[in-house]
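The values are calculated or read from the model by the stated rules, or taken from the named source; none is laboratory data. Predicted model, so just to flag it, every value in this text is computed and none were measured. Note: ideal-geometry Cβ built from the backbone for every residue, glycine included; neighbour counts use all protein chains shown.
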Amino acid sequence: MRPLRPADVMAAARALLSAPSDARPELLRRMMVEADMADSYRRRLGRVHRIWGNGTLASAALVRPLAGWQKPDDSDLLECLALVTDALLVRDRIGHPLAQDMQRRTVGSSSSRAGAISSPQSAQ
């Protein structure tokens, strides 16, 4: 996913706001994955993805229905903004889950790598 801007957070929140509350976490996860895939596509091929856009969270959100503008103190909007910011904070702290899964499949889990390390420090 490309670097975040305030418009990304608001667009994602407005897309979430237009969805039923129980569907919002999955929708947000999907938008973040689509933004990641679109960004990879853009970097690899040098052009934007025809559906998900340029790799920003906003471009992944803007292909969906968006709720109209709300008052800044609207409780539903604030809940959606909190959902987006919480997900982004988790992503920032632990990294992208798909990237971690890909790394595990490529390199192997840390327990399977321990025996393969041949440095003198690993034998201690």
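Among the residues of segment 67-124, count how many are polar (S, T, N, Q), surrounded by 10 or more Cβ atoms within 10 Å (Cβ to Cβ) and either more than 22 Å from residue 3 (Cα to Cα) or modelled with pLDDT under 70 (or both). Outline the logic, then answer.
Taking segment 67-124 and keeping what is polar (S, T, N, Q), we get 70, 75, 85, 100, 103, 106, 109-112, 118-119, 121-122, 124.
With surrounded by 10 or more Cβ atoms within 10 Å (Cβ to Cβ) added as a condition, the list becomes 70, 85, 100, 103, 109, 112, 122.
Filter again for either more than 22 Å from residue 3 (Cα to Cα) or modelled with pLDDT under 70 (or both), leaving 70, 100, 103, 109, 112, 122.
Final tally of qualifying residues: 6.
Using beta carbons and a limit of 8 Å, which pairs, at least six apart or on different chains, have the first residue in segment 82-109 and at positive phi and the second one of a type in the set (Ser, Thr, Tyr) and modelled with pLDDT of 85 or more?
Final answer for the pair search is none.
Residues being of a type in the set (Gly, Ala, Ser) and either within 16 Å of the chain's Cα centre (by Cα) or in a helix (DSSP H, G or I) (or both): count how many of those fall in segment 14-50.
Within segment 14-50, the subset of a type in the set (Gly, Ala, Ser) is 15, 18-19, 21, 23, 35, 38, 40, 46.
Filter again for either within 16 Å of the chain's Cα centre (by Cα) or in a helix (DSSP H, G or I) (or both), leaving 15, 21, 23, 35, 38, 40.
Final tally of qualifying residues: 6.
Of the conditions (1) touching a residue at least 40 places away in the same chain (Cβ under 8 Å); (2) in a helix (DSSP H, G or I); (3) surrounded by 19 or more Cβ atoms within 10 Å (Cβ to Cβ), residue 9 clears all except one; give me its number.
So residue 9 meets the others, but not (3).
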